[in-house]
1. Lys/Arg Cβ at +1, Asp/Glu Cβ at -1, dipole of the chain taken about the Cα centre: which of L115, G145, L134 is farthest positive-ward?
2. When a footprinting reagent is the concern and you count Cβ atoms within 10 Å, what order do L195, L219 take, fewest first?
3. State the extension gain, in nm to one decimal, for the chain segment bounded by S220 and A181, taking 0.36 nm per residue of separation less the distance between their alpha-carbons.
4. Normalising by the residue count of region 137-233, find the relative contact order in percent from Cα pairs under 8 Å and 6+ residues apart.
5. How tilted is helix 219-229 with respect to the longest principal axis of the chain? Cα atoms for both, answer in degrees (0 to 90, nearest 10).
6. Rounded to the nearest 500, what is the 222 nm mean residue ellipticity of the chain from helices alone, with -39500 (n - 2.57) per DSSP H run of 4+ residues and division by all residues?
7. Please list 173-183, 48-58 highest first by mean number of surrounding beta-carbon atoms within 10 Å per residue.
8. Highest GNM mean-square fluctuation, the chain, Cα pairs closer than 10 Å: which of L119, L166, L205?
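Only the coordinates and a few stated rules stand behind these numbers; no lab work does. Bear in mind the structure is a predicted one, so any value in this text is a computation, not a measurement. When we count neighbours, we look across all protein chains shown, and the Cβ atoms used for this are built from the backbone with ideal geometry, even at glycine.
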Amino acid sequence: MTMEAQARQTTSIDTDAAARDIATFLANQPTGITVDAMCRIRAAGWIEGIRAMGGRRRLAGRVRTLLYARGQGRPPIARSIYAIIRDFDPGDVLVVSTSGANRWFLGENMTHEALYHGLSGIITDGLVRDGDELAGMDFPVFARGLGVSPPSPDYGLYGIDVPITLDGMLITPGDVIHADADGVVVVPAGMVAQLKEHVVDFAALEARQEEVIRSRAPLSELDVVLKEKSKKI
């Protein structure tokens, strides 16, 4: 292996480790923490209109992507989503782009495959079916809504681990995605290391703000916390 290839491999390993580290922290935090941290460094990455459908309503993890689209003038990829999920690593989040198709692309069976394989969750800009079953699972599924219309036969799988867009937001394999009942936030892979210190700081500031409010401390103490939270870099 050349020195250049070794350097690329080391960078990839370091990036993946950083992504898993911040995802582990964010898995127990609200998306507001990530949004506040991104605002501090003057970044943006939020997606509206995708809501929690599963029984667990929060996730964070490294992104793996699938791209479904109408016929591209070439045959679609002839692999089942079950086989693809088994190629992913436990802790990853499956993010499925359908260009907002008004049809379901997955349901209970595929969700169980992801659950039993150890993924951290599924996010799609399409619809899902088996709403009652998904709501009863201890697993995060986020989608644009529920539906009964099956996938159109002219749709197919045209990308695995490729850059995709959801609601106009570019998402790349290796990014970190954080979602809860409020919505979905994407942290680009190149920003993960920088953002980690800020999400940890905002979590501490949020806890301090709640304590100040609960204890009925002087408003001057609350002002100190709010001033710290409003800082930009």
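1. G145
2. L219, L195
3. 10.8 nm is the gain from fully extending S220 to A181.
4. Values: 49 pairs, mean separation 11.9, N = 97.
Averaging sequence separation for qualifying contacts and normalising by length gives 12 percent for region 137-233.
5. For 219-229 against the chain, the angle is about 40 degrees.
6. Values: 7 runs with 90 residues, N = 233.
When only DSSP H runs of four or more count, the value is -12000 deg cm²/dmol.
7. Top of the packing list down: 173-183, 48-58.
8. L205
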